[in-house]
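Have a look at the structure below before the remarks.
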Amino acid sequence: MEGRKEQLKSVFYNLLSIAVAAVFWSLFSAWQQSPFFPSIAQIWKAFIGLITVGDIEGIGLFSHIWASLIRIFAGFAAACVLGIPLGLAMGLWPKLYKRTRAIIEPIRFIPPIAWIPMAIVMLVGFSRYAFLIWLGAFFPIFITTLLSVTRVNPLHVNVVKVFGAKRSYIIRKIVIPSVLPDIATGMRVGLGIAWMCIVAAEMIGGEMVGIGRLILKYAELIRMGEIIVGMLIIGVIGFIMNEIFIIIEARIFRWRSEVSID
Amino acid sequence: MDSHLVDVNISKSFGKMDVLRDIKFDVKLNEFLVIVGPTGCGKTTLANILSGIETSTVGSVTMRGEKINPHKHNISLVFQEPSCIPWYTMLQDVTSGLCIKGVDSKTADARGREVIKLVGLEGYEDFFPRQISGGMKQRVAIARAYATNPDLLIMDEPFGHLDAQTRYLMQIEIMRIWEQEKKTVVFITNNIEEAVYLASRILVLTKLPATIKAEYPITFPRPRELTDPAFLELRAEITTQCEIVE
């Protein structure tokens, strides 16, 4: 466990590194003197403007954030609901995977963006967002779940087998607890990729609301201040979600040792 | 005599490799049978087959005339590797066998606390494996094996990973527990001193493919003195037996 002092120190250094990054950006933007590289003051002004006035269509920043959050959650939840059970099933019955991998594996390598035309002709409205985000989040969740089952320690299985444990008991008490941390990692990676897909998804969703849409709108106008605000918001929300995830993980998996690579 | 509990008559091969060849012996009720053999001679395979989690290629292991089966028989196995389940607290780990066998949780907990006390770990019931030492983990494994009150307790080099001092203390401990709660034990080791110290009978295995080479009943009174001349003599004899190249 980190001491309180150590925690304060890491907060301090994180703030310091943000400050250093801001200084570098300011110097760069002062040197360029170009509308493409707005100063921090201009970015801040764009941020305040987006909150108080809204964007060029009068849609406020929080409506954009909210819209994107719902889409992310829909796609991500679908990815979890499908990816985890499917990964578990294919891990427990490897034949299922071995006999279908020729169809599963190639799909994994098709970038979500390449699916855009297909999504446009196949789907409408909200399902387009959900589909594209699902595509991004599904495979990391599915693959890590699948692989984690094969890494269950056979010794732990034997411990309960000697006592005559049935297969259902082995799955509930040994396999599931042992794969949960890996599934959580897969979910964390999946969530990251879900956010990476948001701009692509909102490119084709048709509605004028969403953080990705916001960026696209101002890209057409070449107004970098608002674009940077949109980028930072995606980054910050992703960061907050990841932190929440880590805190929950630490709570649930109390039994895991704290590994330190200091 | 009702002294007959387990009959073993097996051979085991993995593919073309013969590991165990015509291993034939019996285990008597309440005896402390020690099987010694050089490292890599298939002792763990033998332990797994005895416990019913692995099958033999030829022949079978029977308990009171019935083929061994973890679903039917009450067997425990202490593994060579540290085997605590990382997500179980000590009490959950020790009572896991009881829960599988359908004992209600109240009785299981009571018995769990009893055996934890027996191996000297009271106060650590709610600790996770990562919070305790290697020697303590091995005691947990022993407590878990004891908790179900097994008809046959198999120990596969249970002290192999421990340092010499802990090992010595554990040997004394296991003897004390065995004398307290009489059990039928099959103890597998490559340490001959340990074998002579613990056993009421010793079987010596050869190198691969393992066969039984010799059998020694040990009648020294307990607790045994490691430096007793007769003890040392027997230890030396078994050592030569173990290392003769055929």
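Can you list residue pairs whose Cβ atoms sit under 6 Å apart, with the first residue in the stretch B:59-88 being at the interface with chain A (Cβ under 7 Å from one of its Cβ atoms) and the second being among the aromatic types (F, W, Y) and surrounded by fewer than 22 Cβ atoms within 10 Å (Cβ to Cβ)? Count only pairs 6 or more apart in sequence or on different chains.
B:P86/A:W255; B:W87/A:W255
Are there any pairs with C-beta distances below 9 angstrom linking a residue in the stretch A:41-60 that is open to solvent by 40 Å² or more (accessible area, probe 1.4 Å) to a residue that is part of a helix (DSSP H, G or I) and aromatic (F, W, Y), with the two at least 6 apart or on different chains, and if so which?
Close Cβ pairs (under 9 Å, with a partner that is part of a helix (DSSP H, G or I) and aromatic (F, W, Y)) amount to A:I51/A:F62; A:I56/A:Y218.
Can you find a residue in the stretch A:245-262 that is of a type in the set (A, V, I, L, M), free of Cβ contacts under 8 Å to residues at least 40 places away in the same chain and part of a loop (DSSP other than H, G, I, E, B)?
Checking the stretch A:245-262: at least one residue is of a type in the set (A, V, I, L, M), free of Cβ contacts under 8 Å to residues at least 40 places away in the same chain and part of a loop (DSSP other than H, G, I, E, B).
Just give me the residues in the stretch B:32-58 being out of contact with any strand residue (DSSP E or B) (no Cβ under 7 Å at 6 or more places or on another chain), within 12 Å of chain A (Cβ to nearest Cβ) and open to solvent by 30 Å² or more (accessible area, probe 1.4 Å), in sequence order. Outline the logic, then answer.
Keep residues of the stretch B:32-58 that are out of contact with any strand residue (DSSP E or B) (no Cβ under 7 Å at 6 or more places or on another chain), which gives B:38-40, B:48, B:53-55.
With the extra rule that they be within 12 Å of chain A (Cβ to nearest Cβ), the set shrinks to B:48, B:53-54.
Within the stretch B:32-58, B:I53, B:E54 meet the criteria.
Which count do you get for residues in the stretch B:151-180 that are open to solvent by 20 Å² or more (accessible area, probe 1.4 Å) and farther than 24 Å from B:I53 by Cβ?
12
Quick test of your reading of the structure: B:I10 fulfils all but one of (1) more than 26 Å from A:V152 (Cα to Cα); (2) open to solvent by 30 Å² or more (accessible area, probe 1.4 Å); (3) in the same structural domain as B:I174 (by TED's automatic domain parsing). Name the failing condition by number.
The one condition B:I10 does not meet is (2).
Just wondering, is there one or more residues in the stretch B:80-90 that are touching a strand residue (DSSP E or B) at 6+ places or on another chain (Cβ under 6 Å) and surrounded by fewer than 22 Cβ atoms within 10 Å (Cβ to Cβ)? Outline the logic, then answer.
Our first condition is that a residue be touching a strand residue (DSSP E or B) at 6+ places or on another chain (Cβ under 6 Å); within the stretch B:80-90, this holds for B:80.
Those left that are additionally surrounded by fewer than 22 Cβ atoms within 10 Å (Cβ to Cβ): B:80.
Within the stretch B:80-90, one or more residues are touching a strand residue (DSSP E or B) at 6+ places or on another chain (Cβ under 6 Å) and surrounded by fewer than 22 Cβ atoms within 10 Å (Cβ to Cβ).
Give the number of residues within the stretch A:185-227 that are open to solvent by less than 60 Å² (accessible area, probe 1.4 Å) and in a helix (DSSP H, G or I).
Number satisfying all stated conditions: 28.
For B:M155, work out the one condition from (1) of a type outside the set (D, E); (2) outside the structural domain of B:V196 (by TED's automatic domain parsing); (3) within 22 Å of B:H73 (Cα to Cα) it doesn't fulfil.
(2)
So, A:E6, is that one outside any helix (DSSP H, G or I), out of contact with any Lys or Arg (no Cβ under 7 Å at 6 or more places or on another chain) and among the charged types (D, E, K, R) or not? If you could, list the steps in order and put the result at the bottom.
Details: outside any helix (DSSP H, G or I): no; out of contact with any Lys or Arg (no Cβ under 7 Å at 6 or more places or on another chain): yes; among the charged types (D, E, K, R): yes.
No.
Of all the helices (runs of 4 or more DSSP H) wholly in the stretch A:69-184, which have at least 1 residues that are open to solvent by 40 Å² or more (accessible area, probe 1.4 Å) and in contact (Cβ under 8 Å) with a residue 60 or more places away in the chain?
Details: elements: A:94-98, A:101-108, A:116-122, A:126-150, A:154-161.
Counting at least 1 such residues, we get A:116-122, A:126-150.
Among the strands (runs of 3 or more DSSP E) confined wholly to the stretch B:138-246, which include 1 or more residues that are more than 30 Å from B:Q92 (Cα to Cα) and at pLDDT below 85? Give the steps one after another, and end with the answer.
Values: elements: B:152-156, B:185-189, B:201-205, B:212-217.
Answer list for the stretch B:138-246: B:212-217.
Report the residue count in the stretch A:1-43 for those that are among the β-branched types (V, I, T) and within 17 Å of A:I227 (Cβ to Cβ). So that I can check it myself, show each step before the final result.
Filtering the stretch A:1-43 down to residues among the β-branched types (V, I, T) leaves A:11, A:18, A:20, A:23, A:40, A:43.
Remaining after also requiring within 17 Å of A:I227 (Cβ to Cβ): A:40, A:43.
Summing the residues that are among the β-branched types (V, I, T) and within 17 Å of A:I227 (Cβ to Cβ) in the stretch A:1-43 gives 2.
Would you check which residues across the stretch B:122-137 are more than 13 Å from chain A (Cβ to nearest Cβ), under 29 Å from B:H71 (Cα atoms) and in a loop (DSSP other than H, G, I, E, B) and list them?
Filtering the stretch B:122-137 down to residues more than 13 Å from chain A (Cβ to nearest Cβ) leaves B:122-125, B:133-136.
Still in the list and also under 29 Å from B:H71 (Cα atoms): B:125, B:136.
Of everything in the stretch B:122-137, just one residue is more than 13 Å from chain A (Cβ to nearest Cβ), under 29 Å from B:H71 (Cα atoms) and in a loop (DSSP other than H, G, I, E, B), namely B:E125.
How many residues does the stretch B:110-137 hold that are touching a residue at least 24 places away in the same chain (Cβ under 8 Å) and among the basic types (K, R)?
3
When residues of the stretch B:114-137 are filtered for being open to solvent by 50 Å² or more (accessible area, probe 1.4 Å) and over 22 Å from the mean Cα position of the chain (by Cα), how many remain? Reasoning before the result, please.
Step one: filter the stretch B:114-137 for residues open to solvent by 50 Å² or more (accessible area, probe 1.4 Å), giving B:114, B:117, B:122-124, B:126-127, B:130-131, B:133, B:137.
Then drop every residue that is not over 22 Å from the mean Cα position of the chain (by Cα), which leaves B:122-124, B:126-127, B:130-131.
Final tally of qualifying residues: 7.
Among what's in the stretch A:230-257 and is surrounded by fewer than 16 Cβ atoms within 10 Å (Cβ to Cβ) and either within 14 Å of chain B (Cβ to nearest Cβ) or touching a Ser or Thr at 6+ places or on another chain (Cβ under 6 Å) (or both), pick the residue that is nearest to B:S133 (Cα to Cα).
By that ranking, first place goes to A:S257.
Please go through the stretch B:89-109 and give me each residue that is within 10 Å of chain A (Cβ to nearest Cβ) and touching a residue at least 40 places away in the same chain (Cβ under 8 Å), ordered by number.
Selection gives B:D93, B:S96, B:G97, B:L98, B:K101.
The values are calculated or read from the model by the stated rules, or taken from the named source; none is laboratory data. Here the structure is a predicted model, which is why all the values come from computation and not from measurement. Note that each Cβ is placed from the backbone with ideal geometry, even for glycine, and that neighbours are counted across all protein chains shown. Surface accessibility is based on the protein's heavy atoms, side chains included, excluding ligands, DNA and RNA. Shrake-Rupley method; radii C 1.70, N 1.55, O 1.52, S 1.80 Å.
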